[in-house]
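These notes concern the structure reproduced below.
The values are calculated or read from the model by the stated rules, or taken from the named source; none is laboratory data. As the structure is a computational prediction, the values presented were derived from the model and not from experiment. Quick reminder, even Gly has a Cβ in these numbers, built from the backbone with ideal geometry, and neighbours come from all protein chains shown.
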Amino acid sequence: MALLQARWLALGVTLATVACGGDEGSTGAGPGGRTDGGADTGAEGGAPLAGEPIVVTHPTQPMVVDVRLPVVDGAAVVATVPADPGARVAPLPGAPAGEAWFRVRGLEPATDLAIELVVSRAGESTTRTASFRTLDPLPGYVASFPVAVTGAHHEGLILFDYSSSRVDDSGLYVIETNGKTRFYLPHASSLSVTPPIPQVPAGLSMREDGTILFNQDYALLALDELGAEILRVDAAENRWFHHESVALPGGDQIALAHEFREVQYPGEPTPRYLTGDRVVRVDAGGAVVWEWSSFDHLPTDRIRSGYETTIAHPVTARAGHDWTHGNAMAYDPGADAIVVSFRHLDWLTAIDAATGAVRWNLGEGGDFALAPGDSWFFHQHSPELQPDGSWLLYDNGNGNPGVPPTSWRSRAVRLELDEAANRADVVWELVSPFVSPVAGDANRLPSGHYLVTDSYVVTSLQSLGDASAAVREVDPATGDEPWRLVLPKNRFIYRCSPVDRLPGEPSPG
């Protein structure tokens, strides 16, 4: 089966086309689930057809269906969902000779729909309509989210985790910027541990093949769109995955992991027990191929706000001072460097991916001098490399020793680095009238606007139980916010980013 195209009609109706030849294909794509026959509403005597369409549903993912249509060799098939322009139809690899297979994504659960199939061959064509009802939604499903629109904004898809403040009901979502849900997969934690935040699906991203990569319950995971585990790397001694994972070019992944170690400080009678971080690189099969330890490369005498908190060893329950608190990573392909956000050091640290050497530490007391009038970030999250080489991040602002806690404010901030001169310049910032003390994200949109996630906005640091989350688009030139995702109280989003496809769809590149 040769795949010819998958595109959008000018009218906004999803379109996918396949041409079926005589080559034998794999039949390994056949999924389980309910099967419905299609209703025939097409022309009589359809020469290109060899049978009637069949719709296959998936109990683990009601927002996805497959359509199979027996056809005569050489026939071309166009598939659309006329009633739902936002649904996405694509040819499904693996069809045997004489069949056209399609996958339809982004459907609303518990809804009556129809897929129209136009089959053409040698100047003759016929139409069939496969009518079906999607399965009931999975537990916790939210059909749409409220949005506030005040101007021209990004129109596309965004990917995020979503849970209550208890983080025991986590789910993965992709929504359109009109608020409509196009993908949902529940994935709650199976652990009851503190701190709770690493147990959400943390560091959520899509790999090039369309699978979803994240850390949860101390494991590194990749799931397909139906919820099946494609990759799982479980925790080991001094390798307890948390917060972040990043797909590298070529198929490897890097992930953050807790590491526990005793450290002897000068003049103290007994060692201190610390929680640091490892950067772990695994190959496509899940084998560990490289590791880097903060204990071996960063100064353990750098003690900042947050060190006084502890993280319990998941097996022994021994409490270690939360020394580094790594919470995010990014990969710089030009420098072949891994940049890690160490929240409790108030540093971004660039690590040479080949040698493990620290290239620089960015932050107060690091390797760069800040331009006069600019201010450093504190307890930051989510560094993102920009096309011009600058760094965008979410500055939580708490832990700033230079101002009283009542004056702490969060911001999105972009910094340009001059490594030769060891100088850092704040070239843009958006200071909020509040503090979001944990999590947070900032991403660049295709338009040049920024998508800012305030994960845990509190009215005061004494009322952490009364929090809210918001996602907002910001025009960096004016500070205007033309789009905003408004969430109810006590809801939590750890990470939110724009995407150009739904899970299961491979990267067009």
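Condition check ((1) more than 27 Å from the chain's Cα centre (by Cα); (2) surrounded by 15 or more Cβ atoms within 10 Å (Cβ to Cβ)) across all residues:
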| site | (1), (2) |
| --- | --- |
| Glu308 | yes, no |
| Trp323 | no, yes |
| Gly326 | no, yes |
| Asp336 | no, no |
| His344 | no, yes |
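For Glu225, only one of the following conditions fails: (1) of a type in the set (Asp, Glu); (2) more than 17 Å from Leu172 (Cα to Cα); (3) modelled with pLDDT of 95 or more. What is its number?
(2)
Assess whether Ile303 counts as being within 23 Å of Ala236 (Cβ to Cβ), among the β-branched types (Val, Ile, Thr) and out of contact with any Leu (no Cβ under 6 Å at 6 or more places or on another chain).
The answer is no for Ile303.
Would you kindly identify the strands (runs of 3 or more DSSP E) lying entirely within segment 383-446 that contain at least 2 residues that are surrounded by 20 or more Cβ atoms within 10 Å (Cβ to Cβ)?
391-395, 411-418, 441-444
Criterion first (within 31 Å of the chain's Cα centre (by Cα), at pLDDT below 95 and more than 19 Å from Leu345 (Cβ to Cβ)) does Ala312 satisfy it?
So Ala312 passes the test.
So how many residues does segment 336-347 have that are touching a residue at least 40 places away in the same chain (Cβ under 8 Å) and closer than 25 Å to Gly250 by Cα?
4
Return a yes/no flag: does segment 343-355 have any residue that is touching a Gly at 6+ places or on another chain (Cβ under 9 Å), aromatic (Phe, Trp, Tyr), outside any strand (DSSP E or B) and at pLDDT 95 or above.
No: zero hits.
Which of the residues spanning segment 477-506 are touching a strand residue (DSSP E or B) at 6+ places or on another chain (Cβ under 8 Å) and either farther than 20 Å from Ser455 by Cα or basic (Lys, Arg) (or both)?
Arg484, Lys489, Arg491, Arg495, Asp500, Arg501, Leu502, Pro503, Gly504, Glu505
Among the strands (runs of 3 or more DSSP E) confined wholly to segment 217-320, which include 2 or more residues that are touching a Lys or Arg at 6+ places or on another chain (Cβ under 7 Å) and either assigned by TED's automatic domain parsing to the domain that holds Ser190 or not hydroxyl-bearing (Ser, Thr, Tyr) (or both)?
219-223, 253-263, 272-282, 288-293
Does Val474 meet the test of being modelled with pLDDT under 95, surrounded by 14 or more Cβ atoms within 10 Å (Cβ to Cβ) and of a type in the set (A, V, I, L, M)?
So Val474 does not fit the description; no.
Quick check on my filter: what residues within segment 146-165 are more than 21 Å from Ala439 (Cβ to Cβ) and of a type in the set (Asp, Glu)?
Residue satisfying the conditions is Glu155 alone.
Looking only at residues that are under 23 Å from Val56 (Cβ atoms) and of a type in the set (Gly, Ala, Ser) in segment 123-142, which one is surrounded by the most Cβ atoms within 10 Å (Cβ to Cβ)?
Looking at the filtered set, the residue picked out is Ala130.
Given the structure, is Pro498 in a loop (DSSP other than H, G, I, E, B), modelled with pLDDT of 95 or more and within 18 Å of the chain's Cα centre (by Cα)?
No, not satisfied.
Kindly establish whether His258 is surrounded by 21 or more Cβ atoms within 10 Å (Cβ to Cβ) and either without any contact (Cβ under 8 Å) to a residue 60 or more places away in the chain or among the hydroxyl-bearing types (Ser, Thr, Tyr) (or both).
So His258 fits the description; yes.
Quick test for you: out of Ala87, Ala110, Ala75, pick the one residue that is crowded, with 19+ Cβ neighbours inside 10 Å, farther than 15 Å from Val174 by Cβ and not basic (Lys, Arg).
Ala75
Could you please let me know if Glu155 is assigned to a loop (DSSP other than H, G, I, E, B) and either in the same structural domain as Pro476 (by TED's automatic domain parsing) or among the polar types (S, T, N, Q) (or both)?
yes
Quick one: how many residues across segment 143-159 are under 23 Å from the mean Cα position of the chain (by Cα) and loosely packed, with under 12 Cβ neighbours inside 10 Å?
2
Conditions first: (1) touching a residue at least 24 places away in the same chain (Cβ under 8 Å); (2) out of contact with any Phe, Trp or Tyr (no Cβ under 9 Å at 6 or more places or on another chain); (3) of a type outside the set (Ser, Thr, Tyr). Gln216 passes all but one, so which condition is the exception?
(2)
What pairs come out if I take residues in segment 76-105 that are over 19 Å from Asp224 (Cα atoms) and of a type in the set (D, E, K, R) and pair them with residues that are buried (at least 21 other Cβ atoms within 10 Å of the Cβ) and at pLDDT 90 or above whose C-beta lies under 7 Å away, six or more apart or interchain?
These pairs meet every condition: Asp84/Leu107; Glu99/Arg68; Glu99/Leu69; Glu99/Val71.
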